Amino acid sequence: MYNFRTDLALERRDLYKKANKLDKEIDGIETQEEQISDKITTSRVKVINEEGEKAIGKPIGNYITIDIKKLKIATEDDIQHSSEALTKELKELVNKHSNPKDTILVVGLGNIYVTPDSLGPKVVKDIDITRHILEYMPEYLSPETRPVSVISPGVLGTTGIETLEILKGIVDNVKPKLVIVIDALASRSIQRISSTIQLADTGITPGAGVGNKRKDLNIETLGVPVIAIGVPTVVEAATIAADSLDLFIEKLQENAESNQYLNKLQEEDKYEMIKEILMPEDYNFIVTPKEIDDLIQNMANIVARGINFAIN
C-alpha cells in the first residue's frame, strides 16, 4: 500500500490519484465538495467497498473534512460559523448511529502537557456533561436531555495503560450507545495545521499519523460505534520541505524561469524523495507552527461547541 503518512482520508485519496495519475474517481470511493462560505469548505469522502478501502488504507465508512481558512486570526463569528458547520455534519453521523436519548461518551485523547497533542483534553473540559445530573437530580433537566459523560484517559507514556484498555473498562460499566473520540492528527500539508477538522464514523487508530500506532478504537474493539473527530496539528519536516519546493517551483514558473526538469520535479512525489534523505540522519522531525497555542485554543472552542450542539 502507498505510504501516505497522513490521517486524513481526503489527502490519502488525492495522493493516491496523483501517484496513479488518475483523472477519474478511485474505484470504491465517492466524493462530494460543498462551499459553505468564503472561509469554510466541506468535503465528503465515502469508502464504499474493499477496493476503495485497499486504495487509501481507510475502512469502509464516511469521512468528512471541514477546511477553515485563516484560523490564526479567527474572529468570534469565524469560530461560531465553523462550529455550526461541524454541528451539522456531526449531528447527521450521531443520528445515524444512535437514538436521541442514547447515552454518549466523549473521549479526549492526547497529552495535556504537550500543546500539539492537547486538543482532546482541552475539548472535553468544555463539553456539557449531563449523565450524573440525570441520575441524581433529574428534576433540573428536561426529560429529553441525552446522558453525556466525558473522559480524558491520558497517554500510554504517562499512565502505563493502553487507551483501549481504559476505554473498554469504561464502556463495559457506563454502557454508552456511542463513543465520540477527539484527537490530534498528522497531515501532509502545512496549510491544514489546526485549520482542518476530519469526522469519521469508522473509529480511530491513535498515533498512526506520526508512526506511534496504538490499538484501534472502533466498533470491533469497544463494542459500540465510534465517531472520531480529528484535527491535524503536526507535519513532518519532509512535508514542509516538499511544500516549500512546490512554492519555489511555482515562483520560478511565474517568472518564466521554468525548465523541463522543474516541471517534472513538481509532478513527482517529492515527499518520499526528501524523506529518504532526512530519515538516515534523524532529521525528519515532527513539526508544529509557532502559533500552535492560539490555533489549538480556537480549534478546541470550535470542536467543543460543535459537539455540544450536535448531541444536546
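When both residues are 6+ apart or on different chains and their Cβ atoms are under 9 Å apart, which pairs have a first residue that lies in region 222-248 and is at positive phi, and a second that is part of a helix (DSSP H, G or I)?
Final answer for the pair search is G223/K168; G223/V171; G223/D172.
So is T31 over 22 Å from S189 (Cα atoms), open to solvent by less than 90 Å² (accessible area, probe 1.4 Å) and of a type in the set (S, T, N, Q) or not?
no
Looking at region 37-65 only, could you name the residues that are open to solvent by less than 20 Å² (accessible area, probe 1.4 Å) and either touching a Leu at 6+ places or on another chain (Cβ under 6 Å) or of a type in the set (K, R) (or both)?
S43, V45, I64, T65
Please enumerate the residues belonging to region 177-194 that are farther than 18 Å from R12 by Cβ, surrounded by 24 or more Cβ atoms within 10 Å (Cβ to Cβ) and modelled with pLDDT of 90 or more.
Answer for region 177-194, where residues must be farther than 18 Å from R12 by Cβ, surrounded by 24 or more Cβ atoms within 10 Å (Cβ to Cβ) and modelled with pLDDT of 90 or more: V179, I180, V181, I182.
Hey, among A19, A74, A9, which residue is among the small types (G, A, S), open to solvent by 10 Å² or more (accessible area, probe 1.4 Å) and closer than 23 Å to S195 by Cα?
A74
Pick from K69, K91: which is under 30 Å from I29 (Cα atoms) and at pLDDT below 95? Please lay out each step first, then the result.
Working: K91 fails: at pLDDT below 95.
Selected residue: K69, the only one of K69, K91 that is under 30 Å from I29 (Cα atoms) and at pLDDT below 95.
Which condition number does Q80 fail, the rest of (1) closer than 21 Å to V303 by Cα; (2) surrounded by 15 or more Cβ atoms within 10 Å (Cβ to Cβ); (3) in contact with a helix residue (DSSP H, G or I) (Cβ under 8 Å, 6 or more places away or on another chain); (4) touching a residue at least 60 places away in the same chain (Cβ under 8 Å) being met?
(2)
In region 195-208, which residue that is of a type in the set (V, I, T) and farther than 14 Å from G110 by Cα is surrounded by the fewest Cβ atoms within 10 Å (Cβ to Cβ)?
Within region 195-208, the match that is surrounded by the fewest Cβ atoms within 10 Å (Cβ to Cβ) is T202.
Looking at region 148-165, can you tell me whether even one residue there is open to solvent by less than 50 Å² (accessible area, probe 1.4 Å) and over 25 Å from A186 (Cα atoms)?
Scanning region 148-165, I find at least one residue that is open to solvent by less than 50 Å² (accessible area, probe 1.4 Å) and over 25 Å from A186 (Cα atoms), so the answer is yes.
The values are calculated or read from the model by the stated rules, or taken from the named source; none is laboratory data. The shown structure was predicted, so the numbers you read here are calculated from the model rather than taken from an experiment. Using ideal geometry, Cβ is built from the backbone for each residue, glycine included, and neighbour counts are taken over all protein chains shown. What goes into the accessible areas is simple: the full protein's heavy atoms, side chains included, and nothing from ligands, DNA or RNA. Shrake-Rupley method; radii C 1.70, N 1.55, O 1.52, S 1.80 Å.
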